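These notes concern the structure reproduced below.
Only the coordinates and a few stated rules stand behind these numbers; no lab work does. These figures come from a predicted structure and were not determined experimentally. Here Cβ is always computed from backbone atoms with ideal geometry, including for glycine, and neighbour counts include all displayed protein chains.
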Amino acid sequence: MNPATRAALAGARRSPRRLLLTGLAVLVATVFAAAAVILTATLRGDLTGDLSSVPAGASFSVRTDGAGDGTGDGAVVERLRAVPGVDAVSASRSGLVSVDAGAASGSWVLSTDPMTGPLHTLDPPTAGRLPTGPGEVLLGTGTAERTGLGPGATVGVGGRTLTVTGVVPLRYEGNDMLVLSDDDPAAAGLSGSRIAVAGDPDPAALAAVPGVGGVTTADEQRDADLASASASADALLAGLSVFVGLALVAAAVVVASTFRIVLARRTRELALLRCVGASRRQVARSVLAEAVLTGLVAGIGGAALAVAGGWAVLAVVGASGTDAPALVVPWGRLAGCVLLAAVVTVLAALAPALAAGRTPPVVALGAADATGARAPRARVRLPLAALALLAAGGLAAVAVEVGDALPGTALAALSGLLVFAALVVAGPFVVSGAARAVAPLVARWAPGRIAVGNARRMSRRTAAMTTVLSLGVGLTAALLVAVAGASADARDAIDRNYPADVVVFPGGVDGDTGVLAARLDAAPELTARVSDGVVLVEPVPGADPVAVRSAVARGAGDASATFVADMREQTETAVGAVRGVGLGLVGVTLLVAVVGVGVTLALSVSERTREIALLRTLGLSRAASRRAVAAEAALAGAVAAVLGVVLGGAYGVLALAATGIGVPAAGVPVGQLAGLAAAVVAVAVAASVGPVRRAGRIEPAHGVVAA
């Protein structure tokens, strides 16, 4: 074992807490990265088992060559049944139909299934029984829960009354769903383009059937379906990788800051190593070896936590009665996550390691406790920050002018990354300026003066907390603004395109809009008129909502009826889901930033033990020492909140402009942004609880001994 590795291991044995604090941010980011890998692998495995639409008992999958209308499919099915060797044929068909089901009336998904034989695809009913003939239908479990319907209930479809015989679990139930047998007359008009065949026929004979566009074996079709499923899972991983990368960038900034603080406390130790003959390269290698160890421990711990979390989540889901997929753990990719954690940690520690190698031996005669007070070099940092800002401004202008949503959004994101880079470079000057601005406000409050003075003296350390926090806040603010704009645009589009409570689109046998409008207008609960090829329906004042829905379902027949209230509700639900998922993903970066605040303050208090003790000797109370650390966290949180909200809000507006949506008439969500800013300051102060308690335990006697 080389001396650098021995020194790193010895340091870890002497201070495991320091190893934990240094790698904590990387551990959090690795948990996220490993969880993303496990999620996509589990999703791929689940889709591999269930996504293919080819029934388990099928031998061949047949594609029709027509437009897929129900009549044509039915004729092809009958011809295929006559082919020698064919045991069963089933056409998978589905479509939206108007359903009269009381308060739940509207457009439902109607699909077919053989119900029995080798080609059926349904699970056993959870209530009732399978249909045994025409006129009987199954409800999806989600539909039964939403509507309150069950076995014995009746629903109207296309002028026919169907009896619900059972409730069956279906894989996807975003809409209300009905399932009936293949030969039910209500299935006429449903679309379908893939037919399953069971038995041992000659493929050439199947291909020769009029109306058949192609024949593949069932296994070949399943492989194609599974390849598509894997592509979807890979696309999900690619999307998650963006947020994993942001979390790792935030972790790298935190690690670099913590290594600077740790090495500042070990300045005398490093100088003594130089005194006994260690070269600059050996000292730097020792620090990098410690970084490798820190990254490996954090990576292994993060991967282990992700696996344990995956098992726990699926166990809870299974215990709740929900069908949970089997957990798939891709050990090779998890090893890649661990390696990535080590690489990120080493890269983050590179600059502090090189600085440690430059420690002169003479420092051993009397080193200060901290080197973080060295002023940043303005001649280097400010020009770099200015160049990054100029490039960001140019990319933002191009993003607005490009006229294409995807490239425009990508350019806006790249512009935002350049702004963040400029903030990292110029962060110490931003923090110093903020501290100077706050100084007059806390001039009569001792803890505030200490916090402001420390922020100015240790501007690089405070800037590390601030910039990482501002990244998380900025992403959150941009998401809130973008989602608010998209939601307002969707509501405006609904109001423009659906200028009535109910819009009926003629189709099928009801293609004559005049006849359709007259039939709907004849209902006492409705008024209807034709406009631009569709029928606009309004309920009469005081009409019962259930009666209105039933009247629309009866009058619409095979036409598609859209209830605008339902569409608005679905839009808000979808927007809420997007907002929730986005905030969850962005929240990981924010979590890493908050961890960074806690870690940096903990190491800072440890570094300043002697300073705090001397202040206690001069009369600073225990409570005031605690308040000073909390005030430092609040200052970092406030600066990050202002920068993040302003920059994130601006980039949210830029993203809306790049996608052609524009700023909504109501403007940006000021209330949400103000709440975000207040929450960030509160969370930053909460993250300082540990360091605050430790600062309060420092006794004045510590000022006369080495910290």
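Among Trp445, Trp331, which comes first, then next, by fewest other beta-carbon atoms within 10 Å?
Trp331, Trp445
Helix 446-457 versus the longest principal axis of the chain: what angle, 0 to 90°, nearest 10, using Cα atoms?
Rounded to the nearest ten degrees, it is 90.
Which percent, to the nearest 5, of DSSP beta bridges fully inside the chain are antiparallel?
80 percent
Rounded to whole Å, give me the distance from the Cα center of the stretch 521-580 to that of the stretch 243-302.
Using only Cα atoms to place each centre, the spacing works out to 64 Å.
Helix 622-658 against the longest principal axis of the chain: what's the angle in degrees, Cα atoms only, rounded to the nearest 10?
40 degrees
Which values, in whole Å and largest first, are the semi-axes of the equivalent ellipsoid of the stretch 507-558 obtained as the square root of 5 times each eigenvalue of the Cα gyration tensor?
19, 12, 8
Among (1) 30.2; (2) 35.7; (3) 26.7, find the value of Kirkwood radius over Cα pairs in Å that was calculated from the structure presented, and write down its label.
Comparing each candidate, only (1) matches the computed number.
Using +1 on the beta carbon of Lys and Arg, -1 on that of Asp and Glu, and nothing else charged, what's the dipole of the chain about the Cα centre, debye to 20?
Magnitude of the dipole: close to 7440 debye.
Net charge within 14 Å of Glu525 by Cβ-Cβ distance, Lys/Arg positive one each and Asp/Glu negative one each, not counting Glu525 itself?
Charge balance in the 14 Å sphere: -2.
How far apart, in nm, are two points set 7 Å out from the Cα along the Cα-to-Cβ line at Val276 and at Ala623?
The answer from the label model is 4.8 nm.
In what sequence do Phe505, Phe243 fall when counting other Cβ within 10 Å, fewest first?
Phe505, Phe243
Would you mind working out the magnitude of the charge dipole of the stretch 507-558 relative to its Cα centre, with +1 at each Lys and Arg C-beta and -1 at each Asp and Glu C-beta, to the nearest 20 Debye?
80 debye
What is the angle, in °, between the Cα long axis of helix 331-357 and the longest principal axis of the Cα atoms in the chain? Nearest 10 is fine, range 0 to 90.
Tilt relative to the chain: about 30 degrees.
Among Ala410, Thr573, Phe32, which residue has its Cα furthest toward the positive end of the charge dipole of the chain, with +1 on Lys/Arg Cβ and -1 on Asp/Glu Cβ?
Result: Phe32.
May I ask you to sort Met115, Met465 by Cβ crowding, counting other Cβ atoms within 10 Å and putting the fewest first?
Ordered from fewest to most neighbouring Cβ atoms within 10 Å, Met115, Met465 come out as Met115, Met465.
Need one number for the stretch 608-667: average projected area of the convex hull over its C-alpha atoms, nm².
6.2 nm²
Please compute, for the alpha-carbon atoms of the stretch 60-228, the extent along each of the three principal axes and give them in descending order in Å.
Extents along the principal axes: 50, 30, 29 Å.
Loop only per DSSP, at most 11 neighbouring Cβ atoms within 10 Å: give me the trypsin sites (Lys or Arg not before Pro) in the stretch 637-697, ordered by residue number.
Nothing satisfies the criteria.
What FRET efficiency do you get for Val515 and Asp492 if R0 is 41 Å and r is their Cβ-Cβ distance, rounded to the nearest 0.05?
0.80
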